[in-house]
There are 2 protein chains.
Amino acid sequence: MTVTAHRPRRNGVDVERLFATLDAVKEQPQIGGFQFRARNTWQSGTHSRTEFSDFHGAGQELEHRHPTVVEADHPDVLVGNDHAPTAAEYLLHAIAACLTSGIGNIAAARGVELTHVSSTVEGDIDLLGMLGLSDGSVRNGYQGIRVTFRIEGDADEETLRGIVEQSRRRSAVYDALVNPTPVVVDVVTG
Amino acid sequence: MTVTAHRPRRNGVDVERLFATLDAVKEQPQIGGFQFRARNTWQSGTHSRTEFSDFHGAGQELEHRHPTVVEADHPDVLVGNDHAPTAAEYLLHAIAACLTSGIGNIAAARGVELTHVSSTVEGDIDLLGMLGLSDGSVRNGYQGIRVTFRIEGDADEETLRGIVEQSRRRSAVYDALVNPTPVVVDVVTG
C-alpha cells in the first residue's frame, strides 16, 4: 500500500484519523480494551426500556454525545402490547449495522467512494424452542440469519464484494453471533 | 399444575391468553415458525439506520403496530460521529430486554406480582481483534457479557431467582449469543 502524506476524507470517514487510531492502538495495545454498557428497566408485561450513556474505552470513562433510549416488547401475536420490536429483532439490527459501519470504513481505507449501501436481514426462529414445547431438538434462538447487502460505488463488483467480505471478517457482532459468547446472569434481590 | 377457570391479569400480562397461546402452538406446532426482519440503510461513515416493520408468524404476514427506526454509529473515540450507540451495544439491549420480557411472563404465570425489574449489562471487548491487530488470539466480539438483575416482588428470594433462571433457560437472545448462530452474508452489486 502506498502511504500518502494526506488521505482525503471519504464516505464520511476521516481516513487520516482512522489510520492514526490504528497506529495508536498498535503502539499502546492496552487502549484497545473497551467496556460497553446498557441499563434496562422493566415497564410492564414484556415491555422494557434500555438506556445507553457511558462506556469505557481508550483508557478512560467516556460518555456518548447524547444518551439513547430504545424499547422492546412482544407483538400482539406473542401476547405483548407491541410498543416496540422484540429483543430478538435488535440482533438483526446489530448485525446489519456492524457490517455496514465496517463497509464504510474499509471502503474509505481502500479509496472506494460508496454511493449506496443497504441490507435486509431475515432471522428464522421456531417458537417451539423458546416456549419449551420442543423435546430439545428446537433451539430457543435463531436457526439462521441471512443478511443481503446491496452495495454501489466507484469500484468493480469484485472490489465491492471484497469490502463486504473484509467487514464480515472483522465484525464484532458477526463474531458474537457465529461463535459462542459467554454470558453471565447475576441476580440481586431486595 | 392446577388449571383454574380464569387466571387474573398480572404484571401487565394477559395470563389467560399466554396459556391459550401455548396450547395453540402445542396443537398446531407449525404456527410457531416465525421470521423476523430488519432493513438497514447506510447514512455516512459508520452511521446507519434500521427499520423494523413487518414479520412472519403464526402462519401469516404481520405488521408491527408502528414501524420503529433505530440508528447506530461509532463514538468519536472510534472515529465515528456518535449519532447513536454502536451496533455491539445493541446486543446488550437485546439480552437484557429478552430476559426481562421472559421474567414478566414467567412471574405472571407463576402468580408472582413484580414491583421492580432492572438490569445493568456490561460487555468487555478488546479492539485488537476487530482492528485486525491481534495475532488471532483476540476475538472480534465480546470476550464476555455480564447481566446483573435487580428484581423485587411478592415472593421470596429463591422464587425470584428461579424466575430469572427460567427466563435464561428459555431466552432466544441468550441462546443466540452463547451458542453458535449461523449467519449468511450475501451481496447484490448494481
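The values are calculated or read from the model by the stated rules, or taken from the named source; none is laboratory data. Keep in mind it's a predicted model, so treat the numbers as computed, not measured. Don't worry about glycine lacking a Cβ; one is built from the backbone with ideal geometry, like all the others, and counts go over all protein chains shown. For accessibility, only protein heavy atoms count, side chains too; no ligands or nucleic acids. Shrake-Rupley method; radii C 1.70, N 1.55, O 1.52, S 1.80 Å.
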Checklist entry - Tell me, what HN-Hα J-couplings in whole Hz come from the Karplus equation 6.51 cos²θ - 1.76 cosθ + 1.60 at θ = phi - 60° for each residue of segment B:97-107, using x for Gly and Pro? => result 5, 5, 5, 5, 5, x, 4, x, 5, 5, 4
Checklist entry - How much solvent-accessible surface does B:TRP42 expose, in Å² to the nearest 10, with a 1.4 Å probe and all protein chains in place? => result 30 Å²
Checklist entry - Nearest 20 debye, what's the magnitude of the dipole of the protein assembly as shown about its Cα centre given +1 on Lys and Arg Cβ and -1 on Asp and Glu Cβ? => result 200 debye
Next on the checklist: Let me check something: with ligands and nucleic acids excluded, how do A:GLU152, B:GLU113 order by accessible area (1.4 Å probe), largest to smallest?
Outcome noted: B:GLU113, A:GLU152
Checklist entry - How high is the FRET efficiency between B:ASP23 and A:GLU157 when r is their beta carbon distance and R₀ equals 51 Å, given to the nearest 0.05? => result 0.50
Checklist entry - Over the alpha carbons of segment A:1-89, what is the largest minus smallest coordinate on each principal axis, giving the biggest first in Å? => result 59, 28, 21
Item to check | Whole-number percent relative contact order across chain B, with pairs defined as alpha carbons under 8 Å at least 6 apart | outcome: 15 percent
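Using a 10 Å cut-off on Cβ to Cβ distances, tally the other chain neighbours for every residue of B:101-112 and report the average as a whole number. Walk me through the numbers before you get to the answer.
On the way: counts 13, 4, 3, 9, 6, 0, 1, 3, 0, 0, 0, 0.
Averaged over the peptide's residues, the number is 3.
What average count of beta carbons from other chains do you get within 10 Å of the Cβ of residues in B:158-171? Could the numbers behind the result be given before it?
Details: counts 1, 1, 4, 4, 1, 1, 4, 2, 1, 1, 4, 2, 5, 7.
Partner Cβ neighbours, averaged per residue: 3.
Would you mind working out the magnitude of the charge dipole of chain A relative to its Cα centre, with +1 at each Lys and Arg C-beta and -1 at each Asp and Glu C-beta, to the nearest 20 Debye?
On the way: 17 positive and 26 negative charges, 108 e Å.
It works out to roughly 520 debye.
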Item to check | Accessible area of A:VAL187 in the full protein assembly, 1.4 Å probe (Å², nearest 10) | outcome: 20 Å²
Checklist entry - Over all pairs of distinct alpha carbons, what does the Kirkwood formula give as the hydrodynamic radius of segment A:107-159, in Å? => result 14.0 Å
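Leaving ligands, DNA and RNA out of it, rank B:ILE31, B:ILE95 by accessible area with a 1.4 Å probe, largest first.
Details: B:ILE31 40, B:ILE95 0 Å².
The residues order as B:ILE31, B:ILE95, largest area first.
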Item to check | Computed over the protein assembly as shown, Cα set: Rg, Dmax in Å | outcome: 21.1, 78
Checklist entry - Pick from B:HIS66, B:HIS83, B:HIS93: which is most flexible by mean-square fluctuation in a GNM of chain B where alpha carbon atoms under 10 Å apart are linked? => result B:HIS66
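I need the calculated FRET efficiency for the pair B:ASP186 and B:THR148, taking r as the beta carbon distance and R₀ as 41 Å, to the nearest 0.05.
Details: r = 38 Å, r/R0 = 0.92.
Working from the Cβ atoms, E equals 0.60.
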Checklist entry - Where the label is 7 Å out from Cα toward Cβ, how close does B:GLN28 come to the same position in every other copy, in nm, shortest first? => result 6.2
Checklist entry - How crowded by other chains is A:58-68, given as the mean number of beta carbons from other chains within 10 Å of each beta carbon? => result 4
Next on the checklist: If you fit an axis through the alpha-carbon atoms of helix A:157-170 and take the longest principal axis of the Cα set of chain A, what angle between them do you get, 0 to 90°, nearest 10?
Outcome noted: 60 degrees
Checklist entry - What are the label-to-label distances in nm, one decimal and shortest first, from B:SER134 to the same spot in the other copies, with labels 7 Å along Cα to Cβ? => result 2.9
Checklist entry - So what's the Cα pair-distance distribution over segment A:58-190, bin width 10 Å, in %? => result 10, 28, 33, 21, 8, 1, 0
Next on the checklist: Give the separation of the Cα centroids, segment B:76-114 to segment B:129-190, in Å.
Outcome noted: 10 Å
